[in-house]
Amino acid sequence: MSGRKNKIAYFYDNDYTGYYYGPDHPMKPQRIAMTHQLVLGYGLHKHLDVYRPRLAQYDELTAFHSEEFIDMLRSTTPEMQARRRAQGQALHSMHSMHSMLKAKWDSYLRWGIEYDCPIFHGLFKFCRQYAAASIDGAYKLNHGQADIAINWAGGLHHAKKAEASGFCYINDCVLGILELLKHNPRVLYIDIDIHHGDGVEEAFYTTDRVMCVSFHLKQEWGGQPFFPGTGALEEIGEYQGKGYSLNVPLVQGIDTEQYLGLFKPIISKVMEVFQPGAIVLQCGADSLVGDRLGMFNLTLEGHAEAVRYVKSFGLPILVLGGGGYTKTTVARAWTLETAVLCEQEVEDALPQQMYLDYFSPEYRLHYNRRPTWPNQNKKEEVERIKTTLLQQLQQLQGAPGFAMRERPPDALLPEFAAEDEDQVHSRLKGYVKMHFEHNLKCVEKGLIDPYNA
C-alpha cells in the first residue's frame with residue numbers, strides 16, 4: 001500500500017437519519033448523518049469511493065447469529081413488543097400461579113430485548129444495512145478493490161450469537177472478520193471504544209486465527225461494574241486461542257499521553273508477533289473527553305492518532321464506528337479520522353452544512369470538551385499492564401500458521417493435555433459466569449430451556 005494513494009471504500013445511507021431508539025435513549029443514529037455532512041462539507045468524499053449499503057441476506061446474518069434470533073428481529077414490531085410487555089405486566093399483578101405464563105410473555109428478555117435494546121421501527125432494516133456495509137467492506141479488502149473500508153454505522157461489538165446487548169443487535173464486527181478470514185490466515189481486531197469488545201472476544205475466544213485487543217474502562221462503583229463488566233487482564237483466551245485475547249483494563253480519566261503510551265507499544269508488538277493479513281479497527285468515540293456515558297479524557301487528536309498509527313502498518317483495514325453519545329463530538333472525531341485515512345488536511349473551521357447549528361457555539365473541528373473525570377490511572381499500574389501484555393505476546397510461538405484448505409479430519413486435530421482440562425474448565429466456568437450473566441438469569445427465570453437453547 002506504500003508509495004501509492006490508498007483506495008478507500010466508504011459506506012453510508014441517508015436512511016440512518018430516520019432510525020430512532022427512543023426519546024431517552026443515548027444511542028442516536030443521527031450522529032452518522034452528522035459525520036457524513038462534515039465529510040461532504042470538507043470535500044473528503046472526493047477521495048473516497050462512496051457506496052450505499054445493500055441489505056444483508058439471511059444466510060449472511062446467520063453466519064454468526066442463531067436463526068431463532070434473526071427470525072425474532074425480522075418478525076417483531078414495536079407494537080408487538082409493547083403488547084407483550086403489557087400482557088406480562090398484567091399477569092404479574094395476578095396470582096403467582098401465573099408465573100409460568102408471565103415468563104412466556106416476557107420471552108423477549110431472553111433475546112436481550114429490553115430498555116437498552118428496544119425494538120424500534122426499521123430496526124431490522126438498519127441491522128441489515130450496517131451489517132452488509134461491514135461484510136462488503138471486508139469483501140472489497142479481500143479482493144483488492146479497496147485498501148481501507150469505512151463503515152461508521154458499524155462497530156456494534158456487544159451483540160452475541162443469540163442476544164442483543166449494549167445497544168447492539170447484529171455484530172457486524174464478527175461478520176466482517178468472518179469474511180476477512182476467507183482470504184486471510186490471521187485477522188487482528190482492535191477496539192478503542194470505552195466499553196470492552198465482549199461480543200467479538202467471545203466469538204473468537206478459542207481460536208488463534210483472530211487476535212482481539214481491547215482498550216477499555218473496567219471499574220466498579222459500589223459493586224456495580226461499568227458495562228459490560230468484562231475484559232480483565234487475565235482473560236487471555238483458551239485452547240488454541242490461549243494468549244490471543246489481549247485486554248487493557250483502565251480506570252476513569254486516562255489522558256491521551258498515557259493512552260498512546262500503552263497503545264503504540266502494545267500494537268507494535270502485536271504486529272510483530274501475530275503478523276495479521278488484515279485489521280478490523282473499531283473506533284468507538286465514547287472514549288473521548290466529555291462523552292455523555294464515557295469517563296476517559298482522550299482528545300480528538302489522540303483518538304485520531306491511534307487510527308493513524310494502525311494505518312501506518314500498511315495493511316488492509318476495515319474501519320468501524322461504535323459507541324459515542326455526544327453527537328457533535330462523535331461527528332468531529334469520525335470526520336477527523338476520515339481525513340486521516342484519506343491523508344487530507346482539513347480546516348479547523350467547520351464547513352457550512354445542515355447540522356452546523358448543532359455545533360454552537362464552537363464551530364471548530366478541533367474542539368475538545370473540558371475533562372470532567374480525574375485521572376485515577378496510576379503510573380505504576382499502567383506500566384504493570386503494559387509489561388504483562390508484552391510478556392503475554394512474547395510467550396506466543398510466533399504467528400500461527402494456517403493452510404487455506406479444507407478442515408483436516410478429527411484424527412489430525414491437535415490434542416490438549418488431559419491434566420490441564422480441569423483448570424481450563426474452571427477458567428471457562430468463570431468466563432461464562434461473567435460474560436453470559438444475562439443468559440444465566442433467563443435460565444433461572446424459565447425464559448430459556450438450558451437443554452434446548
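The values are calculated or read from the model by the stated rules, or taken from the named source; none is laboratory data. Small disclaimer: the values here were computed from a predicted structure and weren't measured. For neighbour counting, all protein chains shown are included, and Cβ atoms are generated from backbone atoms with ideal geometry for every residue, glycine included. Only protein heavy atoms, including side chains, enter the accessible area calculation; ligands, DNA and RNA are left aside. Shrake-Rupley method; radii C 1.70, N 1.55, O 1.52, S 1.80 Å.
Would you pull out the residues with amide H under 5 Å of D49's amide H, same chain only if 5 or more places away, H placed 1.01 Å from N?
Result for D49 returns I8, A9, Y10.
Within the stretch 239-314, which trypsin sites (Lys or Arg not before Pro) sit in a loop by DSSP and count at most 14 neighbouring Cβ atoms inside 10 Å? Walk me through the numbers before you get to the answer.
Values: sites: K242, K269, R292, R308, K311; in loops: K242, R292.
Answer in residue order: R292.
Can you tell me which of 244-257, 380-393 comes out highest on packing, and rank the rest after it, using the mean Cβ neighbours within 10 Å?
Those peptides, ordered most packed to least, come out 244-257, 380-393.
Ordering K28, K7, K264 from largest to smallest accessible area (1.4 angstrom probe), what's the sequence?
I get K7, K264, K28, largest accessible area first.
Give me the distance in nm between label points sitting 7 Å out from Cα along the Cα-to-Cβ direction at S75 and L55, one decimal.
1.7 nm
So who's got an amide H within less than 5 Å of the one on L246, skipping anything under 5 residues away but keeping other chains? H placed 1.01 Å off N, in plane.
Under 5 Å from the amide H of L246 lie the amide H atoms of C212, V213, S214, each far enough along the sequence or on another chain.
Taking R0 as 35 Å, what FRET efficiency do you get between A232 and M354 from their Cβ-Cβ distance, rounded to the nearest 0.05? Please report the intermediate quantities before stating the final value.
On the way: r = 44 Å, r/R0 = 1.25.
According to the calculation, E is roughly 0.20.
Alpha carbon centre of the stretch 284-346 versus the stretch 68-82: separation in Å?
33 Å
Relative to a virtual label point 7 Å from the Cα of E68 in the Cα→beta-carbon direction, which members of the stretch 153-176 show backbone nitrogen distances below 19 Å?
Label zone hits: 159-165, 169-171.
H143 to R292: FRET efficiency via 1/(1 + (r/R0)^6), r the Cβ-Cβ distance, R0 25 Å, to the nearest 0.05?
Here the calculated transfer efficiency is 0.05.
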